[in-house]
Amino acid sequence: MENALRSLLEREFEPEILEIHDFSAEHAGHTGNPDSLPSGTHIRIFIRSRHFSNLDLLTQHRKVFNLLKEFISASGIHALELRTEAA
């Protein structure tokens, strides 16, 4: 899953920095991860890109969520933490 996310984000935003962290295990047994899956339900992303220049934070996040909308649906991600920054 991480490779697929990385590929989508790199192709669209050409990031200077891209960090993807799966923290699903921290939510084992909770509503978003009732089967205690070790990965794939809770993802944290930090992305710094020149494509975010002159965009407010909400617009930056919308661009990322719009790109990942179908992926999130298809992959079973329950929670996505997102931090964006203009380069």
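For LEU5, the conditions (1) surrounded by 16 or more Cβ atoms within 10 Å (Cβ to Cβ); (2) at pLDDT below 90 are fulfilled apart from (2).
Can you tell me which residue is most open to solvent (accessible area, probe 1.4 Å) among those in segment 8-31 that are at pLDDT 85 or above and in a helix (DSSP H, G or I)?
Of all residues in segment 8-31, those at pLDDT 85 or above come to 8-22.
Cutting the leftovers down to in a helix (DSSP H, G or I) gives us 8-13.
Working: LEU8: 38, LEU9: 0, GLU10: 89, ARG11: 162, GLU12: 96, PHE13: 3 Å².
Filtering segment 8-31 for residues that are at pLDDT 85 or above and in a helix (DSSP H, G or I), the one most open to solvent (accessible area, probe 1.4 Å) comes out as ARG11.
Of everything in segment 32-52 that is open to solvent by 50 Å² or more (accessible area, probe 1.4 Å) and in contact with a helix residue (DSSP H, G or I) (Cβ under 7 Å, 6 or more places away or on another chain), the residue that is modelled with the lowest pLDDT is PRO38.
Tell me which residues, restricted to segment 48-87, are among the polar types (S, T, N, Q) and part of a helix (DSSP H, G or I).
Within segment 48-87, THR59, GLN60, ASN66, SER73, SER75 qualify.
The values are calculated or read from the model by the stated rules, or taken from the named source; none is laboratory data. Just so it is clear, the model here is predicted, and its values are computed rather than measured. Ideal geometry is used to build each Cβ from the backbone, glycine not excepted, and the neighbour counts take in all protein chains shown. Quick note on the areas: whole protein, heavy atoms, side chains included, nothing else; ligands and nucleic acids left out. Shrake-Rupley method; radii C 1.70, N 1.55, O 1.52, S 1.80 Å.
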